Structures are given as C-alpha cells and as structure tokens.
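Taken together, the values in this text are just the output of simple stated rules run on the coordinates, not laboratory data. Quantities reported herein were computed from a predicted structural model and do not represent experimental measurements. Here the Cβ is made from the backbone with ideal geometry for all residues, glycine too, and neighbour counts use every protein chain on show.
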Amino acid sequence: MKKANGYVFKYGDNVDTDVIIPARYLNSSDPAELATHCMEDIDKEFINKVKKGDIMVANKNFGCGSSREHAPIAIKAAGIDCVIAETFARIFYRNAINIGLPIIECPEAAKEIEAGDQVEVDFDNGTIKNITQGKEYKGQAFPPFMQKIIACEGLVNYINQKKEG
Amino acid sequence: MGMTMTQKILAAHAGLERVVAGQLIEADLDLVLGNDITSPVAIREMEKMKVDGVFHKDKIALVPDHFVPNKDIKSAEHCKCVREFALRNEITNYFEVGEMGIEHALLPEKGLTVAGDVIIGADSHTCTYGALGAFSTGVGSTDMAAGMATGKAWFKVPAAIKFNLVGKPSSWVSGKDVILHIIGMIGVDGALYRSMEFVGEGIKHLTMDDRFTIANMAIEAGGKNGIFPVDDLAIAYMKEHSKRNFTVYEADEDAEYEEEYTIDLSTLRPTIAFPHLPENTKTIDEVTEDIKVDQVVIGSCTNGRLDDLRCAAKVLKGRHVKKGLRCIIIPATQAIYLQAMEEGLIKIFIEAGAVVSTPTCGPCLGGYMGILAEKERCVSTTNRNFVGRMGHITSEIYLASPAVAAASAVAGVISWPERL
C-alpha cells in the first residue's frame, strides 16, 4: 500500500462526528460538498488550509457519536490521506476501513506529534515517521483481512473482487 | 472459558461452536436497518456491487425518520431515493410518513426485533434492541449496503463489561438516570469496542421502556452493544408485539468479563449530563444554582416512549410551561402518539403550553423542529450534548430524564418534580 506523507492537523480527545460533519449538512451525501464543511464547528480554518495528502492526528475516541459515514467521507474528500489517533470510536473505525480511508492507532504518536509536523506513514508495517521531530513510532498494523479491504479501497470493491475470485 | 450472552449469539450466527474475544467472524444477519440519512449512501454503494438485489426483502427495514416530513428539497430527494429503492426491491418493512416512527422505537413495536437476533443498522443507536436480548449494533452505510446485498457482516467478537444492577430505583429515577450514571462513571469511551452486559436482580424493577433507554445509550459509552437477559417481562413484550420465534441465550457461568461493576439502583438520583459530553454528569442535588433554560425537548429514540410521555404528563398536569420557554414533545411512533391521545396525555401537554409534534428525530441532531440559537440552553431527553449538536456552536444541551426535563420546563431552570 502507498505510504502517506503530509502535514499534520492536530485535534484533542473525543472529536465527535457532529463536529466532523454537522447534521445540518446531512441533507447532502455528495463527498465534495460535505468536504467544504468538514471540521468547521471546531476549526473554521481547516478546509481553507488543508492540502491533498495531509494527515489528521487526534487523541482518544476519535469519531465518537453518530454512525454517519459522511464523517470519514468528508475527511477523505477534504484531502486527508490518513488519520492517526490514540483510539478510534468503533463505528468510525469500521466506516473508515469500509470507504478506504487509512487510519492507524498509536497512542505515543498521537500524543507527541504536533500541528504542522511533516509525518510519513507506512501502512504495510505500521511505521509512523515524524520527519519534523525526527522520531519514529510503531502503530497498530491492521489484521490481514482489513488490510485487504483497504488495499481494495473499500468494502464494495473487496466484495466485488471476492465474487470474481 | 465460557462465553458471554453477546458471544453466544455471535457464535450461533457464525456457525461456530464457540468464539473468543478478538476473533474476526462473519455472521448471518436477521435484520438490516437504515434511515433517510444513511440509506441513500448505502443504496449508492450497493449499486456499485455486482449483485442482483437485496438478500431478503423481509429482513431489511427502511425508516425515513430523521428529516421527515421532508424538511427541505435535498431531504425530500433523499427520501425519494429510499422510497424508490424500497419499491424496486419490494422491501416489506418500508415505513412511509403516516406509519413511520423513530426507528428504534418503531422496530420493536412492530415485532421486527426479537431475542437472539443479530441486527445491524446504519444508525448508531441500533444498540437499543439489546433490551430484548438481541445482539444489535450500529454500522455505517457501506456495512449496511454489504448487509443488504449479502445478508452477512464481519465482526470482531467483543470482550465484555458486566454491570450488576441491584436494588430498586426510587420514584423519579428512570432508565435514563441509570445509563447517565454509568456513562458518568466509565466515560464516553469507557466501553470502547466492548459489549455492556446488564445483569442482576435490579433489572426486574426496570420497565421495558427503561431497558430500551439504557441499551440505546450504550454507544454513548463507546460500547459495541448493550444487552439484557431475557426475562418474563421481555418475553411478554415480544409475544405482544411479534409473531417471530425468538431464541433465549444465557451467559455461561464462567464467561469472561474484563471489568465488573455493581450498581445499587436504590442509591441513584436524577442525573443530568452537562455540556458538552454525556460523561459530564451531575446529580440533581449537585445542581444548586439556577441554570436558566430556553428550550426543553422530550422525545427521541432514547426517551420518546409511552413511559416517558406518561412521566412528563404527571409532572405537567395542572402546571404551565414557564413563560418564554419552548417545550417540544415528540411521541416516537404513531402508536405511541395515539395511545397518548387516548390516555389524555396530549391534552395535558397542550394545556400546559407545550407543542406536540409528529414523530421525528429532528431536534436531537439539529436537523429541524427545535434548533437552538446562539448561547441558548436546552434540557433534552435525547442522547448527545456535543458542541453544536442541536444548533449554534455556542448553544448548550443538558441531557436528562423526562421527569427532569418536564420539571425544568415548568421551573424555567434545571429542576426536578420534588423541587416544584
């Protein structure tokens, strides 16, 4: 799987799906439109500053709350290539895998990485390199089954490939 | 080592004799659920799959309930998409406006969820059906799509936390206070990835509506599911509402629990979650200053059932909502609405100066039907008080029981019936 390499947007504990994409915008399911409102209730500048390939880092229980898949869809469509957190809420975790947004759990990295750092993530072995700070961490690598789903860029392609196989 | 109730249900649905925590399994589904927000995304994903149609037209439930009756053109388009999909695939359990209700109140009432089931729903509060002894959990739209197409879902078998409930709750203490107390105790990620298994003699003092409320908010502690043993009350409920056969699973005596808590229900007090997390709980005794309230909402998949409306009516009867405060009451289903009318509850609400709405999730997630302005405060029987959840990002939500909400509507400040 291709490595992620980008600059970091940093958030705290319990970033919920209501702030990732507020429900007032859920009358749309268009990824590009959702992306324009991503994170706006806690970080109005995010969508103006984010560049394709950037990385989001947060502390514990990222993505808690609603099951809305619009949350990882908005993050991915905004250009984020990977989310690193201490822990993820379980529905967000599933949704991210299912839509092909790479995520990785690593408490040390989540704690020490700072906003604006340049970070590289190797998903094959779970290595997170903080290029700015010159530090390296070992994140929780995905079980092979989930790696296959992410490599297919989501559950739909995975199921289609399985049917063909 | 034995299995928990959750693990036994999952093992049976995966065709395995036993499973252990952490194991990845593929399980057969008894029901796949979606609403007007999550289903359109699921339908789009399913159309990309190389399948002819849905796995079983009777085992899918589509309930437009979040933004219906349609709040704007975009919502109307979403509902139209769901309606046309239901028609095209001859989905038996599609519930149109007029027969719909808030999904997690509606499905048990319609007899579609019973003990022993494995249920996924593209709505985080799908965990509600654990009250009947089912394994049910929230997923996203793509999981829903795969579930509709294949009748299967992948799961990581959860480890468990045991909550031993003992004693009898005092008056004005309800299921909402029990679950808010628990979330306050273990935190919003206290049960992350794990099942919350409720056991103990105290359960017999909890009505089915109390249990639905408790299981409903398992997700607010990060839980994968919440589940209750199947007792006579649960069996009577299922026999009254469902024609389906059900299977009762019991935890093994040597089942493994990562943590165990004992909660004496008789010691619990009315509990309120302060902004902006459900874990920021205080008992009513700790609320010593006047906290002025602009709006009260009584309803939602958490607290829009008959017990909740009866409790609110008991408080509001012969009293009036504080001048300048809006009190919005939303029966969760048409059947609950009708029964509330027959019992005279709706009359009590309207005479008290409350407004009564058709079933909708509307205000709970800041959709419509009660949005908060800048710096406004709401006491709500709903389930989340995150930043901006019900409106402006500076507004504040206080989560509470129907008794506390109704009393606060009368007092104009956070209160409870014994303080009126």
(request) Mind listing just one residue for me: the one in region B:122-165 that is out of contact with any Pro (no Cβ under 9 Å at 6 or more places or on another chain), more than 9 Å from every other protein chain (Cβ to nearest Cβ) and among the aromatic types (F, W, Y) and, of those, farthest from B:Y237 (Cα to Cα)? (result) B:F155
(message) Looking at region B:208-220, can you tell me whether even one residue there is buried (at least 18 other Cβ atoms within 10 Å of the Cβ), over 24 Å from B:D30 (Cβ atoms) and within 14 Å of chain A (Cβ to nearest Cβ)?
(response) yes
(request) Considering only region B:365-386, state which residues are within 14 Å of another protein chain (Cβ to nearest Cβ), more than 20 Å from the chain's Cα centre (by Cα) and either buried (at least 23 other Cβ atoms within 10 Å of the Cβ) or not acidic (D, E) (or both). (result) B:I371, B:L372, B:A373
(request) List every residue pair whose Cβ atoms lie under 9 Å apart, where the two residues are 6 or more positions apart in sequence or sit on different chains, the first residue falls within region A:153-164 and is at the interface with chain B (Cβ under 7 Å from one of its Cβ atoms) and closer than 21 Å to A:C82 by Cβ, and the second residue, located anywhere, is crowded, with 16+ Cβ neighbours inside 10 Å and among the acidic types (D, E). (result) A:G154/B:E45; A:L155/B:E45; A:L155/B:D143; A:V156/B:E45
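A quick yes/no check of all residues on (1) part of a helix (DSSP H, G or I); (2) in contact (Cβ under 8 Å) with a residue 40 or more places away in the chain:
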{"site": "A:Y7", "(1), (2)": "no, yes"}
{"site": "A:V19", "(1), (2)": "yes, no"}
{"site": "A:E33", "(1), (2)": "yes, no"}
{"site": "A:D43", "(1), (2)": "no, no"}
{"site": "A:G53", "(1), (2)": "no, yes"}
{"site": "A:M56", "(1), (2)": "no, yes"}
{"site": "A:I84", "(1), (2)": "no, yes"}
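Being of a type in the set (G, A, S) and surrounded by 24 or more Cβ atoms within 10 Å (Cβ to Cβ) is the filter; apply it to region A:82-108 and report the residue that is nearest to the other protein chains (Cβ to nearest Cβ). Outline the logic, then answer.
Step one: list which residues in region A:82-108 are of a type in the set (G, A, S), which gives A:85, A:89, A:96, A:100.
From what's left, surrounded by 24 or more Cβ atoms within 10 Å (Cβ to Cβ): A:85, A:89, A:96.
Values: A:A85: 11, A:A89: 6, A:A96: 9 Å.
It comes out as A:A89.
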(request) Return the total of residues in region B:254-268 being closer than 27 Å to B:V20 by Cβ and part of a loop (DSSP other than H, G, I, E, B). (result) 4
(request) Test B:P270 against the stated conditions and say whether it is touching a residue at least 60 places away in the same chain (Cβ under 8 Å) and in contact with a helix residue (DSSP H, G or I) (Cβ under 9 Å, 6 or more places away or on another chain). (result) yes
(request) With respect to A:G79, determine if the residue is touching a residue at least 12 places away in the same chain (Cβ under 8 Å), more than 14 Å from chain B (Cβ to nearest Cβ), more than 24 Å from B:S195 (Cα to Cα) and of a type in the set (G, A, S). (result) yes
(request) Could you please let me know if B:P108 is out of contact with any strand residue (DSSP E or B) (no Cβ under 8 Å at 6 or more places or on another chain), at negative phi and surrounded by fewer than 21 Cβ atoms within 10 Å (Cβ to Cβ)? (result) no
(request) Out of A:D43, A:D13, report the one residue that is within 14 Å of chain B (Cβ to nearest Cβ), among the charged types (D, E, K, R) and under 27 Å from B:T126 (Cβ atoms). (result) A:D13
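So is A:A71 in contact with a helix residue (DSSP H, G or I) (Cβ under 9 Å, 6 or more places away or on another chain), within 14 Å of chain B (Cβ to nearest Cβ) and hydrophobic (A, V, I, L, M, F, W, C) or not?
So A:A71 passes the test.
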(message) For region B:248-258, check the following and say yes or no: at least one residue is exposed (fewer than 14 other Cβ atoms within 10 Å of the Cβ) and under 28 Å from A:G63 (Cβ atoms).
(response) yes
